[in-house]
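The values are calculated or read from the model by the stated rules, or taken from the named source; none is laboratory data. Here the structure is a predicted model, which is why all the values come from computation and not from measurement. Here the Cβ positions follow ideal geometry from the backbone for every residue, glycine too, while neighbour counts run over all protein chains shown. Please note that ligands, DNA and RNA were not included when accessible areas were found on the heavy atoms of the full protein model with its side chains. Shrake-Rupley method; radii C 1.70, N 1.55, O 1.52, S 1.80 Å.
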Amino acid sequence: FVSMRMTVTPARRVDSSSAPPASHATIFFATEQKHGLQSFTFPVEAGTQTYNLDLLGASAWGGRIVALGLKPGEATKVAVHWLRVSDQPQGPAQLKVVSFAVEDALPRATVPATLVARVTNTGGETASNLQASLVLPKGV
């Protein structure tokens, strides 16, 4: 894992009526096994959080890493608090909803349906004392 804690601030838009640009950053790295710089682009969100990038899926990541760099996207300002290379995710628990769907493929009107949420922890610490709630609009 390449793990980093950073604060992301979207750059100001000239036209406030347009949608904000997609925010991303790119990790660049070089290894002894492959010529040139390799890259891995990942999405970032505004605010301070820990990013845990599992680079084992990147075909060029392997062997001895001899260079490592970070480049924020053009529409993003980034302040890096720390950056670590480790065999485990780092930082606090970080929950992400992977999927949220009706359990049955073809739910029928007026028949109760089961909703299933799949949540994963991409952080380094264990998540505990979790609670979830669902607020439905009137009539549902």
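Please report, in debye to the nearest 20, how large the charge dipole of the chain is about its Cα centre when each Lys and Arg carries +1 at its beta carbon and each Asp and Glu carries -1 there.
Computed charge dipole of the chain: roughly 260 debye.
Taking all protein chains in place and a 1.4 Å probe, what share, in percent, of the accessible surface of segment 8-123 do carbon and sulfur account for? Working shown, then result.
Working: 4320 of 8100 Å².
Carbon with sulfur: 53 percent of the solvent-accessible area.
Using θ = phi - 60° and the Karplus curve 6.51 cos²θ - 1.76 cosθ + 1.60, what whole-Hz ³J(HN,Hα) does each residue of segment 52-59 get, with Gly and Pro shown as x?
10, 9, 8, 8, 4, x, 7, 4
Output the peptides 32-41, 68-77 sorted from most to least packed, where packing is the average of other Cβ atoms within 10 Å over each peptide's residues.
In descending order of packing, they fall as 68-77, 32-41.
Among 61, 76, 37, which residue has its Cα positioned farthest towards the positive end of the charge dipole of the chain, with +1 placed on the Cβ of Lys and Arg, -1 on the Cβ of Asp and Glu, and the dipole taken about the Cα centre?
76
Run down the lysines and flag those whose C-alpha is under 24 Å from the C-alpha of residue 77, throwing out any fewer than 8 positions away in its chain.
Leaving aside lysines fewer than 8 places away in the same chain, those within reach of residue 77 are 96.
For the chain, modelled as a GNM with alpha-carbon contacts under 10 angstrom, which of 42, 28, 100 fluctuates the most?
Comparing 42, 28, 100 in the GNM, the peak value goes to 100.
Once the cut-off is 26 Å, how many percent of the Cα-Cα pairs in the chain end up in the long-distance tail?
45 percent
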